[in-house]
Amino acid sequence: MTVAAIKEYLAVPRDRVENFHGKQLVYVSWDRHLLFAAPFLLCLPPETAFRELVNGPLAMLLQADPDAAAIDWTKVEWLKSNQPWTPDFDASLAANGIGHKDQLRLRTSGLNSLLAA
Amino acid sequence: MDMKVTKKKLGLKDKYKLMTRDLGWEPSYHSKDELYPYMNYEGIKIHDWDKWEDPFRLTMDAYWKYQAEKERKFYAIIDAHAQNNGHLNLTDARYLSALKIFLQAISPGEYAAHRGFARVGREFPGVGPQVACQMQAIDEIRHAQTQIHAMSNYNRYYNGFHAFADQRDRIWYTSVARSFFDDAMSAGPFEFMIAIGFSFEYVLTNLLFVPFMSGAAYNGDMATVTFGFSAQSDEARHMTLGLEVIKFILEQDPDNLPIVQNWIDKWFWRGFRVLGLVSTMMDYMLPKRVMSWREAWDIYGVENGGALFKDLARYGIKPPKGWDDAEKAIDHMSHQFMLGLYQWSFGTAFHAWIPSDDDMRWLSAKYPDTFDQYYRPRWEHIKKLAAAGTPFKNYGLAKLCQTCQLPTVFTEPDDPTLTCHRETVYKGEKYHFCSDGCQHIFENEPEKYIQAWLPMPQLFQDPVNGDLGEWMKWVSLLDGKDNGDYAGSEDQKNFEAWRGLATTNQ
C-alpha cells in the first residue's frame with residue numbers, strides 16, 4: 001500500500017520539472033565543508049554547460065569558505081547520486097546526465113581549514 | 001399556597017453518566033458503518049468502546065466553568081503586562097526571536113490540533129472519546145487564541161510579529177510544523193490520536209513546553225509565562241488522554257500492536273525533527289538560559305521517555321525505531337540549526353546572530369565533546385567575515401527533506417563531519433531526505449509525501465519564479481526590519497533606547 005486511504009489514491013508530485021519553466025533543479029554540496037549548513041539548491045536550464053555551473057553560481061557560493069580559493073578543479077572528485085562520477089566540463093547538464101533534482105557532491109581531500117584537529 | 005420544593009442535585013457519578021455516556025444513542029435508520037466510515041481502513045480493531053476509561057470524569061458544564069475562570073485571570077495579567085510596559089522587563093530583545101518562531105510555527109499548530117480533535121471527536125463511535133476529544137478541541141483553539149493575544153503586545157513595539165498568519169502559510173521554516181500537523185490531520189482518526197494525542201502530547205510535549213515556559217520566566221516574559229500557567233491543567237489532561245488512547249487501543253486487540261508500533265516509530269521521528277528547533281532556542285536564543293538542550297533531553301527524553309516505554313513494554317511496545325539516532329544527534333543539532341538560521345537570516349522573520357565569546361564559553365562547557373571540535377571553528381570564521389565587513393550570507397538556499405521539510409542540515413549519525421545524504425526514486429521522480437528516519441516514513445506511504453509543498457523548490461515556480469524580492473513580498477517579510485542579524489537591527493536599537501529611557505535619566 002502506498003498510502004493508507006479508504007479508496008484508491010493517486011497524488012501529483014509538486015516539483016515536477018515542467019513547473020520550472022524550462023529550468024531544472026540541481027543540488028550541489030562540498031563534502032566535509034559544513035560552513036554551508038545544507039546542500040545548495042540551484043535552478044538552471046539543462047543546456048547550461050557544466051563549466052558555467054562551476055564557475056558561475058557554485059564558485060560564488062563557495063567563496064565564503066577559506067578553502068575555496070585553493071580548490072583545484074582538475075583534481076576534484078565528484079559524486080552524483082552518491083556514486084563516483086566524472087563530469088565533462090564542456091558538456092551541458094543534460095549531456096552530463098544530470099537530471100532534475102540530482103545531487104552532486106564534490107570532494108577535495110586534504111583541504112579542511114574549518115575542522116579543528 | 002405554594003410549596004417550596006428543594007431542587008434535586010445530581011451526584012457526581014449520575015451527573016457524569018447523564019452528561020457523557022448517556023448522550024450516545026444506537027442508530028436506527030443508518031448503520032454504524034455509515035455513521036462512522038473511517039473506523040476500519042487503518043486496520044485497528046475495537047471490540048468494545050465502553051471499555052474506554054475517562055481519567056478525568058469531566059463534564060462539559062464543569063469544563064466551561066474552569067476554563068472561564070482561567071480566562072479571566074489570564075486576561076487580567078495580560079492587560080497589566082501591556083499597561084506597565086512589560087516588554088521592557090525582558091532580559092534582552094534577542095529573546096523575541098524564540099517568541100517569533102513560536103508564534104509563526106507553533107501557535108498555528110495549536111489551531112491545527114483543534115481542527116484535528118474536532119474531526120476525530122466526530123469520527124470515533126464511542127461517547128467517552130467523543131467528549132474527551134471535544135474538550136481537547138476547545139482547549140487547542142483557546143491555546144491558539146491566548147498565545148496570539150499574549151504575544152500581540154510585542155507586535156506594537158517589535159518587528160517580525162505582524163504577519164504570522166501569512167508566514168504560517170508561506171515562509172519556508174514554518175512548513176516544518178505545518179506539514180507535521182497536515183500529515184496527522186490527513187491520516188485516519190486512530191493514527192491522528194497516536195500522532196498528536198500520544199507521541200506529541202505525551203512523549204514530546206515536555207521538551208517543548210517546559211523549556212519554553214521556563215525560558216519565558218528566566219527572561220522576564222510575563223505574558224508567555226501567564227499563558228503557560230493557563231494552559232498547564234489542559235496539558236495535564238491532554239497527556240492523560242494520550243496515554244489512555246494507546247492503552248485502550250492495545251488492550252482491544254493483539255492485532256493492533258504492529259500498527260501502533262509503526263505509528264510510534266513514525267511520529268516519534270517526525271516530532272523529534274519539529275522539536276529540533278527548540279534545541280536552538282534553548283542553546284542559542286535565550287539570553288538567560290534555563291538548561292542546555294542536552295540536559296533537557298536527558299531529563300525529558302531519556303529519563304521520562306525511558307520510563308514510559310518500560311511501562312508500555314507489557315503491551316509489547318518497543319522504544320521508537322529512531323531513538324538511537326536521536327540520541328546521537330543531541331549534541332549536534334542545536335549548532336547545526338543555528339548555523340543555518342544565521343546564514344539564511346535574510347529569509348527569516350526573526351533575527352539570528354553570532355554567539356558572543358561568553359555564549360561560546362557556555363556552549364563549550366555544555367557540549368564538551370562537540371562544540372570546540374566541530375562548531376566553534378565555523379563561528380570564529382563567521383565572526384571574522386562579519387568583522388571584515390563581509391558578513392556571511394548563504395544565498396544558495398537549501399535542499400529540503402521531502403518528509404520533515406527541514407533543510408538537510410544534519411550529519412551522518414556516526415560522522416559529524418559529513419552531511420547525511422539520502423535519496424530515492426519513486427515513479428521516476430527523485431526525492432531527498434535528511435535521515436534514514438524520514439526516508440522510512442516516505443517509503444511507507446510515498447503517495448502521501450510526493451505532494452509535499454517544499455518552500456525552496458516552490459520559490460522557483462509560480463508565482464515567485466526565483467525573484468527573492470517578490471518572494472519577500474509574497475511572504476510578508478519586510479526586508480531590513482523583520483530579517484537579518486540582530487546586531488544593528490531596529491529591534492536592538494529600539495529595545496536599548498526604550499530600556500534606557502526606563503532605567504536612566506538620559
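The values are calculated or read from the model by the stated rules, or taken from the named source; none is laboratory data. Predicted model only: the values in this text are computed from it and were never measured. Every residue, glycine among them, receives a Cβ derived from its backbone with ideal geometry; neighbour counts consider all protein chains shown. What goes into the accessible areas is simple: the full protein's heavy atoms, side chains included, and nothing from ligands, DNA or RNA. Shrake-Rupley method; radii C 1.70, N 1.55, O 1.52, S 1.80 Å.
General observations
- When residues of the range B:449-497 are limited to those that are of a type in the set (V, I, T) and within 14 Å of another protein chain (Cβ to nearest Cβ), the one nearest to A:V3 (Cα to Cα): B:I450
- Any chance B:F200 is part of a helix (DSSP H, G or I) and open to solvent by 10 Å² or more (accessible area, probe 1.4 Å): yes
- Of all residues in the range B:80-102, those being surrounded by 12 or more Cβ atoms within 10 Å (Cβ to Cβ) and assigned to a helix (DSSP H, G or I) number 15.
- Single residue of B:T419, B:T411 found to be surrounded by 18 or more Cβ atoms within 10 Å (Cβ to Cβ) and touching a residue at least 40 places away in the same chain (Cβ under 8 Å): B:T411
- Taking the range B:135-155 as the range and being within 22 Å of B:N494 (Cβ to Cβ) and without any contact (Cβ under 8 Å) to a residue 24 or more places away in the chain as the test, the residues that pass are B:S152, B:N155.
- Condition broken by B:E429, with the remaining ones in (1) within 9 Å of another protein chain (Cβ to nearest Cβ); (2) more than 26 Å from the chain's Cα centre (by Cα); (3) open to solvent by 50 Å² or more (accessible area, probe 1.4 Å) satisfied: (3)
- Positions within the range B:365-401 being over 27 Å from the mean Cα position of the chain (by Cα), more than 9 Å from chain A (Cβ to nearest Cβ), under 26 Å from B:R273 (Cβ atoms) and open to solvent by 20 Å² or more (accessible area, probe 1.4 Å), in sequence order: B:P368, B:D369
- Pair list, Cβ < 6 Å and 6+ apart or interchain, from the range B:278-302 residues that are touching a residue at least 60 places away in the same chain (Cβ under 8 Å) to residues that are among the small types (G, A, S) and in a loop (DSSP other than H, G, I, E, B): B:D283/B:S292
- For B:G437, the criteria (1) under 27 Å from B:I171 (Cβ atoms); (2) facing chain A (nearest Cβ under 9 Å); (3) at pLDDT 95 or above; (4) open to solvent by 10 Å² or more (accessible area, probe 1.4 Å) hold in every case but one, which is (2).
- Answer residue from the range A:35-48, given it is more than 7 Å from every other protein chain (Cβ to nearest Cβ) and open to solvent by 20 Å² or more (accessible area, probe 1.4 Å) and is farthest from the chain's Cα centre (by Cα) among those: A:E47
- Criterion (among the β-branched types (V, I, T) and at the interface with chain A (Cβ under 7 Å from one of its Cβ atoms)) met by exactly one of B:T419, B:T424: B:T419
- Condition check for B:E443: open to solvent by 30 Å² or more (accessible area, probe 1.4 Å), of a type outside the set (A, V, I, L, M, F, W, C), modelled with pLDDT of 95 or more and not in a helix (DSSP H, G or I): no
- Scanning the range B:178-197 for residues that are surrounded by 21 or more Cβ atoms within 10 Å (Cβ to Cβ), assigned to a helix (DSSP H, G or I) and hydrophobic (A, V, I, L, M, F, W, C) yields B:F180, B:F181, B:A184, B:F190, B:F192, B:M193, B:I194, B:A195, B:I196.
- If you go through the range A:2-38 and keep only what is assigned to a helix (DSSP H, G or I) and of a type in the set (V, I, T), you end up with just A:V17.
- Any hit, the range B:170-177, residues being under 14 Å from B:P108 (Cβ atoms), touching a Ser or Thr at 6+ places or on another chain (Cβ under 7 Å) and open to solvent by 10 Å² or more (accessible area, probe 1.4 Å): yes
- Of all residues assigned to the range B:113-121, at least one qualifies as being part of a helix (DSSP H, G or I), free of Cβ contacts under 8 Å to residues at least 60 places away in the same chain and under 20 Å from the mean Cα position of the chain (by Cα).
- If only residues of the range B:38-74 that are without any contact (Cβ under 8 Å) to a residue 40 or more places away in the chain and open to solvent by less than 100 Å² (accessible area, probe 1.4 Å) are counted, the one that is nearest to B:F124 (Cα to Cα) is B:A62.
- The residues of the range B:22-59 that are away from chain A (no Cβ under 14 Å) and assigned to a helix (DSSP H, G or I), listed by number, are B:D22, B:L23, B:K32, B:L35, B:W49, B:D50, B:K51.
- Scanning the range B:313-323 for residues that are under 17 Å from B:V274 (Cα atoms) and assigned to a helix (DSSP H, G or I) yields a single hit, B:W323.
- When the range B:473-506 is filtered for residues that are open to solvent by less than 70 Å² (accessible area, probe 1.4 Å) and without any contact (Cβ under 8 Å) to a residue 12 or more places away in the chain, the ones remaining, listed by number, are B:G480, B:G488, B:A497, B:G500, B:T504.
- If the condition is being closer than 26 Å to B:F180 by Cβ, assigned to a loop (DSSP other than H, G, I, E, B) and touching a Ser or Thr at 6+ places or on another chain (Cβ under 7 Å), then the range B:453-506 contributes B:W453, B:N483.
- Selected residue (criterion: nearest to the other protein chains (Cβ to nearest Cβ)) from residues of the range A:93-117 that are without any contact (Cβ under 8 Å) to a residue 40 or more places away in the chain and open to solvent by 60 Å² or more (accessible area, probe 1.4 Å): A:A117
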